Amino acid sequence: MVLAELGGRISRALQQMSNATVIDEDVLKECLNEISRALFSADVQFKMVQNMQANIKKIVNLEELAAGHNKRRIIQEAVFNELCAMLDPGKPAFTPKKGKPNVIMFVGLQGSGKTTTCTKYAYHYQKKGWKPALVCADTFRAGAFDQLKQNATKAKIPFYGSYTETDPVKIAQEGVDTFKKENCDLIIVDTSGRHKQEAALFEEMRQVAEVTQPDLVIFVMDSSIGQAAFDQAQAFKQSAAVGAVIITKMDGHAKGGGALSAVAATKSPVIFIGTGEHMDEFEVFETKPFVSRLLG
Ligand code: GDP
């Protein structure tokens with residue numbers, strides 16, 4: 001199910017509820033069941049869907065609502081707010097502060113779009129007058145440094161990496177030190193991805209974090225990974241101090257549930273979404289407009 005379908009299905013469930021002559025327990029139940037089915041098929045975790053159902057039932061107490069109340073609107077608002085709440089971990093992400101060298105570390109599986117996203121993130125801030133720099137601490141994937149170098153050169157962003165050094169921790173440290181000396185205010189460290197959530201990857205991540213002391217660790221997740229989203233996000237959260245999430249490939253056949261699950265698993269907000277392969281196909285994530293757009 002693509003993201004637009006998830007929204008469409010929820011909207012239709014709400015519409016059907018609205019069309020009922022009388023809104024009673026049965027109508028509400030059917031509406032919530034259909035919304036739950038839509039969320040399940042968009043790969044949202046079972047527990048999250050259950051919580052959502054319970055929360056809405058608590059807010060929409062049909063017996064207590066006086067006849068004059070607009071039950072339709074109350075239910076619609078409750079669903080909207082509940083979807084927003086699922087995307088809101090309750091605390092904002094660290095925002096880089098000008099005038100100091102902010103170190104931002106990117107983590108995620110190989111192929112998630114991590115390297116592309118590092119450049120998009122740097123470019124986003126560069127356009128706003130920041131002085132970003134990119135460090136390639138991915139020595140595992142052949143070609144990772146070339147890719148970062150190519151992207152960085154295109155965007156005229158300074159970069160650091162090595163063709164010969166095999167220790168990512170050493171590169172990360174040298175890169176961050178170099179750019180601190182050059183007064184860069186946004187130093188972005190791209191780490192190695194690997195295919196699986198293997199122990200060696202997490203150990204490497206821990207060591208890179210130890211030497212670079214990032215102000216923010218961003219977890220990059222491909223929106224099309226489906227049911228694996230929650231477990232993958234949680235595994236990264238357990239090994240690194242993930243403080244924000246970027247969801248990539250939202251232009252593709254993205255299942256909307258990934259974003260919801262990643263927030264739940266990392267207790268961190270989504271800050272940007274990737275919407276294409278190009279440098280400027282990158283959007284600041286805002287919960288309410290996102291949910292509004294989802295519901296059409
Ligand atoms: P990494 O292995 O995690 O560093 O992933 P890459 O940055 O190399 O990206 C893997 C592939 O996904 C590349 O072909 C990218 O162009 C592509 N990609 C990254 N972000 C997006 C996105 O938001 N939308 C689309 N359509 N493709 C993306």
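The values are calculated or read from the model by the stated rules, or taken from the named source; none is laboratory data. This is a predicted model, so every value here is computed, not measured. Please note: Cβ atoms are built from the backbone with ideal geometry, for glycine as well, and neighbour counts cover all protein chains shown. These accessible areas exclude ligands, DNA and RNA; they are computed on the full protein's heavy atoms, side chains included. Shrake-Rupley method; radii C 1.70, N 1.55, O 1.52, S 1.80 Å.
Remarks
- Region 178-251 and region 74-133: distance between their alpha carbon centers, rounded to Å: 12 Å
- In the chain, the longest principal axis of the Cα atoms and the axis of helix 46-59 are about 50 degrees apart.
- Local charge for Met279 was computed over the other residues whose Cβ lies under 12 Å away, with Lys and Arg +1 and Asp and Glu -1, and equals +1.
- The order of the peptides 156-162, 94-100, 14-20 by mean Cβ neighbours within 10 Å, most packed first, is 156-162, 14-20, 94-100.
- Cα-based Lys pair tally, region 66-166, threshold under 15 Å, eight or more apart or on separate chains: 16
- Against the main long axis of the alpha-carbon atoms of the chain, helix 199-212 sits at an angle near 70°.
- For Tyr160, nonlocal amide neighbours, meaning residues 5 or more places apart or on other chains whose placed amide H falls under 5 Å from its own, are Leu134, Val135, Cys136.
- Rounded accessible area of Arg73 (nearest 10 Å², 1.4 Å probe): 140 Å²
- A 1.4 Å probe run over region 50-182, with the rest of the protein chains in place, finds 51 Å² accessible per residue.
- The mean sequence separation of alpha-carbon pairs under 8 Å and at least six residues apart, normalised by the residue count of the chain, gives a relative contact order of 24 percent.
- Per residue, the average separation of C-alpha pairs within less than 8 Å and at least 6 apart gives region 210-296 a relative contact order of 27 percent.
- The share of accessible area on the chain that comes from carbon and sulfur is 50 percent, using a 1.4 angstrom probe.
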